[in-house]
1. Roughly how far apart, in whole Å, are the Cα centres of segment 99-141 and segment 1-50?
2. For the chain, what does the relative contact order come out to in percent, with C-alpha contacts under 8 Å and a separation of six or more?
3. Which residue fluctuates the most in the chain, going by a Gaussian network model with Cα springs under 10 Å, if the choices are K28, K116, K127?
4. Which residue, E140, E74, E107, has the most motion in a Gaussian network model of the chain that connects Cα atoms within less than 10 Å?
5. Need the full-extension length gain, S56 to L132, defined as separation in residues times 0.36 nm minus the C-alpha distance. One decimal, nm.
6. L30's amide H: which non-local residues (gap 5+, or another chain) put their own amide H closer than 5 Å, with H modeled 1.01 Å from N in plane and none for Pro or chain starts?
7. With a point put 7 Å past each Cα toward its Cβ, work out how far A13 is from L113 in nm, to one decimal.
8. For the chain, what is the accessible area per residue in Å² when the probe is 1.4 Å?
Amino acid sequence: MKRAYELAREGVASGNAPFGAVLVRDGKVLAEYHNQVTTMTNVIQHAETGLLAKFSPRIDRATFAASTLYTSSEPCTMCCGSIRFAGIGRVVYGVTESQFEQVITGEVQAGPLGSKEIFARTAPQVKVLGPLMEAEGLVEHQNYWPSHVNPARMKRMK
């Protein structure tokens, strides 16, 4: 998880949002990626989907199934779908989506389904654990979002 948070900071340093992902099997890092939505001007370049797009041609399904994906924040619905279709066996996330959305809006949001519920309904074989080291990850969001939130988004969310 520490490496996922480091990648989130690298994402911010390169002009992107604070999200990182690391794929690990048997204690060995197989792949890592940070959010690149802004710099690639590509809305699907989240940490998880970007990692899968870049590395799935080189990683076979059996390896994905035996691996753990560590994500700095709870995967969104889009990322859950990508994780499911890649066949990743285990997901561990840092910050819950509701916690980082609260940093953005200043209030608790009734947002979309959480990743645990998405996987329980669509891919119950995927083990989902989290939050892990959430306080450390929240710092990344607290440092980033106040100066990067679009005011129009804030009004739509309230």
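1. Rounded to whole Å, the Cα centres lie 16 Å apart.
2. Computed value for the chain: 20 percent relative contact order.
3. It is K28.
4. Maximum fluctuation in the GNM of the chain, among the listed residues, is at E107.
5. 24.8 nm
6. HN-HN under 5 Å from L30: L23, V24, R25.
7. Reported label-point gap for A13 and L113 is 3.8 nm.
8. Solvent-accessible surface per residue comes out at 50 Å².
The values are calculated or read from the model by the stated rules, or taken from the named source; none is laboratory data. Everything numeric in this text was worked out from a predicted model, so none of it was measured. Cβ coordinates were reconstructed from backbone atoms using ideal geometry, including for glycine residues, and neighbour counts include every protein chain displayed. Remember, those area values only see protein heavy atoms, side chains included, never the ligands or the DNA or RNA. Shrake-Rupley method; radii C 1.70, N 1.55, O 1.52, S 1.80 Å.
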